[in-house]
Amino acid sequence: QVQLVESGGGLVQAGGSLRLSCAASGLTLSSNDVGWFRQAPGKEREFVAAITWNGANTRYADSVKGRFTISRDNAKNTVFLQMNSLKPEDTAVYYCNVGHYYSSPFRPSEHWGQGTQVTGAS
């Protein structure tokens, strides 16, 4: 069975940093594109960042460009989201998904993780 598990969230002061991890089991992550999404209370889930299977191409939402960096370590079957200069507006539950990079910005599949909470405190 495919399982994605997000971790690394927490409460951070404005301007601080966190690194989120998306660990996969039940599939070879190196063969799949991966996207990060987030959902704040009362808001729709929105695209954050995406990376191709080999890490050669990345894509970011305008709201996080220059602050967030997506990367992957296929040997560890893990994708990361480095989040710098965090703002209160970044507060949300962050989810990863195994989907399709070339349907811009990212076409998610049914394979979602359970999410990890990120809170940017003022």
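The values are calculated or read from the model by the stated rules, or taken from the named source; none is laboratory data. Since this is a predicted model, take the numbers as computed values, not measurements. Cβ atoms come from the backbone with ideal geometry, glycine included; neighbour counts cover every protein chain shown. To get the accessible areas, we keep the full protein, side chains included, count just its heavy atoms, and leave off ligands, DNA and RNA. Shrake-Rupley method; radii C 1.70, N 1.55, O 1.52, S 1.80 Å.
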> Inside region 94-122, can you point out the residues that are β-branched (Val, Ile, Thr) and surrounded by 20 or more Cβ atoms within 10 Å (Cβ to Cβ)?
Replying inline: VAL98, THR116, VAL118
> Of the residues that sit in region 54-86 and are in contact with a helix residue (DSSP H, G or I) (Cβ under 8 Å, 6 or more places away or on another chain) and of a type in the set (Val, Ile, Thr), which one is farthest from VAL98 (Cα to Cα)?
Replying inline: VAL64
> Out of the residues in region 47-93 that are hydroxyl-bearing (Ser, Thr, Tyr) and open to solvent by 30 Å² or more (accessible area, probe 1.4 Å), which is farthest from GLY10 (Cα to Cα)?
Replying inline: THR58
> Which of (1) farther than 20 Å from GLN3 by Cα; (2) touching a residue at least 24 places away in the same chain (Cβ under 8 Å); (3) among the charged types (D, E, K, R); (4) open to solvent by less than 60 Å² (accessible area, probe 1.4 Å) does ARG38 not meet, given it meets every other one?
Replying inline: (1)
>> So in region 13-35, with the set limited to residues that are among the polar types (S, T, N, Q) and modelled with pLDDT under 95, which one is surrounded by the most Cβ atoms within 10 Å (Cβ to Cβ)?
In response: ASN32
> Listed residues LEU81, LEU86; which is at pLDDT 95 or above and under 22 Å from THR28 (Cα atoms)?
Replying inline: LEU81
> In the list GLY35, GLY42, GLY16, GLY26, which residue meets the criterion of being under 16 Å from HIS111 (Cβ atoms) and more than 12 Å from the chain's Cα centre (by Cα)?
Replying inline: GLY26
> Which residue pairs have Cβ atoms closer than 6 Å, lie 6 or more positions apart in sequence or on different chains, and pair a first residue in region 4-19 that is within 12 Å of PHE80 (Cα to Cα) with a second residue that is assigned to a strand (DSSP E or B) and of a type in the set (Lys, Arg)?
Replying inline: GLY8/ARG19
